[in-house]
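Notes for the one structure printed next.
The values are calculated or read from the model by the stated rules, or taken from the named source; none is laboratory data. Quantities reported herein were computed from a predicted structural model and do not represent experimental measurements. Note that each Cβ is placed from the backbone with ideal geometry, even for glycine, and that neighbours are counted across all protein chains shown.
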């Protein structure tokens, strides 16, 4: 069972009240006895004055002691006043209550007589008379000139007790004032306790991260505690907001880690995992020759040892301003990974792994494309240069030969122009696709116009074309690229299908999203081993024949990229006949422009 402790307000109240009560009781006790002593001294002074007055008149023969005692007692309200005259030897010479010759005791031993002999005056508050057997208040004076003691006494009865007792009115006033102070202080401590209780509940809920209404704490008044409470609430509110912001940022970081294209892992100074995403483990397993079950086992992979050594050395030799980052490229199991480690000021660190296999392939592809472009450009340029050089070195050429050379230069320049145009088209699609304009395009008249444009070439090759598409074939796309699809397919068929071939352009199906096309011919066709590479840039089935016909080697690559730009795909296959080639492709009706 838990012990029940006093609340702070009750503890404060009872502690202060206890101290106050001790102080008041001590003060009242002191004041009570002080007042009582004052009354005793006042009574003693009154009796002393009477003793002196009585002694001054003893030498007067006409002086009546009994009458003087009676008169003085009535005047001073000193009832039953007793007077005794004693000589230096302690013998009673006079006593107004009994005959002096009947008193046999020596009075020098009396307390008041001893004090009077030493100080000139003495008193005894409550002493029993040996002669009368009653209690008296005695006051005695010694007069050395006549060696006499004059002693007066009052019976210690109810009246005298009441006279000597302290006035109790101030006691009741003190009790009343104390009660009022108790009530006021209890109210103050109760309010203080309520404030402290609210603060305690607030602190407890804040510690347990519970939601709470902090309005009451802001209504604690303008006291010091109220101001402190408001400051605490403001600090808590800011801390809670900061915590919420940090939590949101942490959630963002975790979300970023999970959806990132990089494998990321964050470790503390002791190499314990703080955060890690799934790609990190996936990439580590691709790099390692064994399956890694836990993130911290990555430090045992030999390919990561340069990073591990860097972390250790950086911690040992770190100075302010050092760049604590290291990059590492790992080529393993057909993949190329870019690894980096970044160390933070608290010795925690982050390891990131990026799969750059595609980038490396693209880099190699770009290098290959650059080489191909240089090679393709070299042929027409060399031809033009050769013909021009021949013309310049042979000024006596006949007009027919000169015209022939110039025509060949013009043909090679046209080939060079087409090559540059095709390269520009491909570059625009692959690197700046988001800048290509999109509008509504009707493919039906466009296809028929292309066929009409190529009518002379078709007639020269004795080729026929059959177009079977709907009258209305609207697509949201780029008109120039859509034109290049069908124009390049037609040019390819004219160049390679062979004399007398027949071409079919069919839109054989459609749905809510796409149109489905077939572009086929019954020409010479393509061997199966070449079908998968037809859409590669500068790939030629018969390189010598292709160059002879003036092709750039980019026509089908442009077709594929234009189809992909419009959300479709394209494949090549042999036709059902012994010869021929068919291109199957789709085009989406609407293309969403990416920002």
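What's the total number of residues in segment 91-126 that are in a loop (DSSP other than H, G, I, E, B), in contact with a helix residue (DSSP H, G or I) (Cβ under 8 Å, 6 or more places away or on another chain) and within 19 Å of residue 69 (Cα to Cα)?
Within segment 91-126, residues that are in a loop (DSSP other than H, G, I, E, B), in contact with a helix residue (DSSP H, G or I) (Cβ under 8 Å, 6 or more places away or on another chain) and within 19 Å of residue 69 (Cα to Cα) number 1.
Could you tell me whether residue 474 is assigned by TED's automatic domain parsing to the domain that holds residue 557 and surrounded by 15 or more Cβ atoms within 10 Å (Cβ to Cβ)? Please lay out each step first, then the result.
Values: assigned by TED's automatic domain parsing to the domain that holds residue 557: yes; surrounded by 15 or more Cβ atoms within 10 Å (Cβ to Cβ): no.
No; evaluated as a whole, the condition is false for this residue.
Which condition does residue 46 not pass, out of (1) out of contact with any helix residue (DSSP H, G or I) (no Cβ under 8 Å at 6 or more places or on another chain); (2) more than 21 Å from residue 156 (Cβ to Cβ); (3) surrounded by 12 or more Cβ atoms within 10 Å (Cβ to Cβ), if it passes all the others?
(2)
Say whether the condition of being loosely packed, with under 10 Cβ neighbours inside 10 Å and free of Cβ contacts under 8 Å to residues at least 60 places away in the same chain is met by at least one residue in segment 251-260.
yes
Six or more apart or on different chains, Cβ under 6 Å: which pairs go from a residue in segment 440-466 that's more than 18 Å from residue 479 (Cβ to Cβ) to one that's outside any helix (DSSP H, G or I)? Could you list them?
Within 6 Å, the pairs are 461/499; 462/499; 462/500; 463/501; 464/502; 465/503; 466/504.
Report whether or not residue 294 is within 24 Å of the chain's Cα centre (by Cα) and in the same structural domain as residue 343 (by TED's automatic domain parsing).
no
Out of segment 127-147, which residues are more than 18 Å from residue 43 (Cα to Cα) and in contact with a helix residue (DSSP H, G or I) (Cβ under 7 Å, 6 or more places away or on another chain)?
Scanning segment 127-147 gives a single hit, 143.
Over 24 Å from residue 358 (Cα atoms) and part of a strand (DSSP E or B): which single residue out of 336, 330, 274 fits that description?
Answer to the check: 274.
Do we find that residue 310 is part of a helix (DSSP H, G or I), within 19 Å of residue 338 (Cα to Cα) and touching a helix residue (DSSP H, G or I) at 6+ places or on another chain (Cβ under 7 Å) in this structure? If you could, list the steps in order and put the result at the bottom.
Numbers: part of a helix (DSSP H, G or I): yes; within 19 Å of residue 338 (Cα to Cα): yes; touching a helix residue (DSSP H, G or I) at 6+ places or on another chain (Cβ under 7 Å): no.
So residue 310 fails the test.
Within segment 266-278, does at least one residue satisfy the condition of being in the same structural domain as residue 331 (by TED's automatic domain parsing), in contact with a helix residue (DSSP H, G or I) (Cβ under 8 Å, 6 or more places away or on another chain) and modelled with pLDDT under 80?
Yes; the residues of segment 266-278 include at least one that is in the same structural domain as residue 331 (by TED's automatic domain parsing), in contact with a helix residue (DSSP H, G or I) (Cβ under 8 Å, 6 or more places away or on another chain) and modelled with pLDDT under 80.
Exactly one of these conditions fails for residue 304: (1) in a helix (DSSP H, G or I); (2) under 19 Å from residue 354 (Cα atoms); (3) out of contact with any helix residue (DSSP H, G or I) (no Cβ under 8 Å at 6 or more places or on another chain); (4) modelled with pLDDT of 80 or more. Give me its number.
Exception for residue 304: condition (3).
Pick from 522, 492: which is at pLDDT 75 or above, surrounded by 16 or more Cβ atoms within 10 Å (Cβ to Cβ) and out of contact with any helix residue (DSSP H, G or I) (no Cβ under 9 Å at 6 or more places or on another chain)?
522
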